[in-house]
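The values are calculated or read from the model by the stated rules, or taken from the named source; none is laboratory data. Keep in mind that what you see is a predicted model, and the values were worked out from it rather than measured. Cβ: placed from backbone, ideal geometry, glycine included. Neighbour counts: every protein chain shown.
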Amino acid sequence: MSISSFLRKKFSRALFFPSHNRGKALPPKLFQLLRDDPGLWDLPELPELGSPMSDFGLINDAQNYFAKKFDVNSCWFGVNGASGLLQSSILSMANPGEYILLPRNIHISVIKICIVANIMPIFFDLEFSEISGQYLPIKKEWLKKILDNNLLKNIKIAGIVLVNPHYQGYSSEIKPLVELCHRFQIPVLVDEAHGSYFLFCEDSDLPNSAVKAKADLVVHSLHKSLNGLTQTAMLWHHGNNIEKSKIATKINLLQTTSPNSLLIASCEESVKDWLEKDSLEKYKKRISEARNIYEELVSRNVPLIKTDDPLKIVLNTGSYGIDGFTADKFFYKNGVIAELPEMMTLTFCLGFVEQTNFINMFENLWKSLLSSIIVRKELKPIKPPFRLIEIPEIAPSESLQRCSQKVNLKQSIGRISADIICPYPPGIPLAIPGERIHKERVDWLIKQGLMGENLLDFYINVLIT
Ligand SMILES: Cc1ncc(COP(=O)(O)O)c(C=O)c1O
């Protein structure tokens, strides 16, 4: 089968990203553009259009309009996902050789740019849920404990990244966190890849957007948490801690010289769509339907975990002795495609389309899964074996340049990693180059790997000393 034929494949339910649910919830103007004029829209950077970097043209006008509307200094459309804009943001916060503070649930794109640009990551651990096996949202006291930590006393921190909300929808109250970092004079980048739509519905009892909380930089993934096409993203810039010209230079450094005009139009339309009164009402209805789905399923004893994002359904398969990977295969076989299997859970994304007849369908599938599994496992989440603050022994960029050898995970104990171990989704590294591999890490990696067949290679590159 060709790729293009596969792309036409129908599933009963597409409960994965992108959140436009296979075109059904695309912004109306984009939908029209794709339906009426295949390929007509594929234009180069004509003077009337310009590019996200130019100070003329329709793209510049749209960016300026949104910046004004949301009271930020500036904003940029991105066509290489939130990944691309996160990377440009990191480059604009830290110079080569400088340090940035990263949570352990940081996205892999940030690690990659640290490697490319020789920026030194300092990791801080997060609280962990013994129920879901997932990281919990960071609290102000926890962050303060980190910023006050002695290990950081003599290090100049160029910036900090906060991931909010998490992939599954857990969210912190972001404003106090941003204010705390600013009190320590540390610029803040919030990876809000999973929370773009929070910006538009302030009266829907959703978490506050980091854009409103005046974080220095905020990155949105418009295909994950708005209704844009895959690869579309947005970077919002606030305040004077980071110079606008520096950000523009760093975006320019990484961006293609031929940004796809359809993706750029998608950036504009997905944001504009949420500013239209009628559309907004429609999306608020989706949010309230999603809340109803959650309540109803819980009342029918389907084990869901509550998060702060109503559009995520997190099924706690582990509470019934079923790991998320086994559950994922079962749902997939039945045409219901989830987004994120993990050891204890399976996460589904409702997206922005109306989910008709969802509750019965979901409850029935859950019950058939339960009855189809005869031997249940005793599942206990394994806490990641990280210290509160850890600095890689060798800079990740250096570790990748040195001579390395591939060894079995068990033989890697005591050695320094020259590898990134990072299952996707969720794209959170379990080990990065430059870190010394302790026995607890290996035990944890092996236990994680045993859950999903393709999750981990049981080999790792380590430095030859
Ligand atoms: C927290 C987080 N940030 C950033 C990204 C990257 O987003 P994109 O796929 O738009 O590049 C992801 C992708 O999974 C993510 O989960």
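Annotations
- Members of region 102-122 that are within 16 Å of the ligand (Cβ to nearest atom) and crowded, with 20+ Cβ neighbours inside 10 Å: LEU102, PRO103, ASN105, ILE106, HIS107, SER109, VAL110, ILE111, ILE113, CYS114, PRO121
- Enumeration of residues in region 1-20 that are under 17 Å from GLN231 (Cβ atoms) and surrounded by 10 or more Cβ atoms within 10 Å (Cβ to Cβ): PHE16, PHE17, PRO18, SER19, HIS20
- Tally, over region 130-155, of residues that are assigned to a loop (DSSP other than H, G, I, E, B), away from the ligand (no atom under 16 Å from the Cβ) and at pLDDT 95 or above: 4
- Among the residues here, ASP273 does not qualify as over 20 Å from THR232 (Cα atoms) and acidic (Asp, Glu).
- All positions within region 75-101 that are among the acidic types (Asp, Glu) and in contact with a helix residue (DSSP H, G or I) (Cβ under 9 Å, 6 or more places away or on another chain): none
- Among the residues making up region 235-250, those that are surrounded by fewer than 21 Cβ atoms within 10 Å (Cβ to Cβ) and more than 20 Å from LYS68 (Cβ to Cβ) are ASN241, LYS246, THR249.
- LEU7 being within 30 Å of GLN355 (Cα to Cα) and away from the ligand (no atom under 16 Å from the Cβ): yes
- Region 196-206 - residue that is in a helix (DSSP H, G or I) and of a type in the set (A, V, I, L, M, F, W, C) and, of those, nearest to the ligand (Cβ to nearest atom): PHE198
This table checks each residue for (1) part of a loop (DSSP other than H, G, I, E, B); (2) acidic (Asp, Glu); (3) farther than 25 Å from LYS29 by Cβ; (4) within 14 Å of the ligand (Cβ to nearest atom).
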site: GLY169; (1), (2), (3), (4): yes, no, yes, yes
site: GLU179; (1), (2), (3), (4): no, yes, yes, no
site: ASN208; (1), (2), (3), (4): yes, no, yes, no
site: LYS214; (1), (2), (3), (4): yes, no, yes, no
site: VAL219; (1), (2), (3), (4): no, no, no, yes
site: GLY228; (1), (2), (3), (4): yes, no, no, yes
site: MET234; (1), (2), (3), (4): no, no, no, yes
site: SER245; (1), (2), (3), (4): no, no, yes, no
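- Selection from region 195-218 of residues that are in contact with a helix residue (DSSP H, G or I) (Cβ under 7 Å, 6 or more places away or on another chain) and of a type in the set (Val, Ile, Thr): VAL211
- The condition (being under 22 Å from SER225 (Cβ atoms), exposed (fewer than 15 other Cβ atoms within 10 Å of the Cβ) and touching a residue at least 12 places away in the same chain (Cβ under 8 Å)) is satisfied by just one residue among LEU263, LEU275, LEU253, LEU280: LEU275.
- LEU86 being assigned to a helix (DSSP H, G or I) and either without any contact (Cβ under 8 Å) to a residue 60 or more places away in the chain or within 30 Å of GLU393 (Cα to Cα) (or both): yes
- Boolean, SER225 is modelled with pLDDT of 95 or more, more than 30 Å from TRP366 (Cα to Cα) and not acidic (Asp, Glu): no
- Within the option set GLU192, GLU173, being of a type in the set (D, E, K, R), within 14 Å of the ligand (Cβ to nearest atom) and touching a helix residue (DSSP H, G or I) at 6+ places or on another chain (Cβ under 9 Å) holds for one residue only, GLU192.
- So LYS224, is it part of a helix (DSSP H, G or I), at negative phi and not assigned by TED's automatic domain parsing to the domain that holds CYS114: no
- Flag if ASP125 is more than 13 Å from the ligand (Cβ to nearest atom), crowded, with 18+ Cβ neighbours inside 10 Å and of a type in the set (Asp, Glu): yes
- Among helices (runs of 4 or more DSSP H) entirely within region 348-465, having at least 1 residues that are among the hydrophobic types (A, V, I, L, M, F, W, C) and modelled with pLDDT under 95 singles out 396-401, 439-451.
- Options ARG286, ARG291; residue that is in contact (Cβ under 8 Å) with a residue 60 or more places away in the chain and either in contact with a Phe, Trp or Tyr (Cβ under 7 Å, 6 or more places away or on another chain) or not assigned by TED's automatic domain parsing to the domain that holds ALA62 (or both): ARG286
- Within region 335-347, the set of residues being surrounded by fewer than 23 Cβ atoms within 10 Å (Cβ to Cβ) and at pLDDT below 95 comprises MET343 only.
- Failed criterion for LYS377 (all others in (1) within 30 Å of LEU26 (Cα to Cα); (2) surrounded by fewer than 16 Cβ atoms within 10 Å (Cβ to Cβ) hold): (1)
- Checked against the criterion of being of a type in the set (S, T, N, Q) and under 24 Å from PRO28 (Cα atoms), region 188-202 contains one or more residues that satisfy it.
- Here GLY97 meets the list (1) surrounded by 20 or more Cβ atoms within 10 Å (Cβ to Cβ); (2) more than 12 Å from the ligand (Cβ to nearest atom) almost entirely, failing just condition (1).
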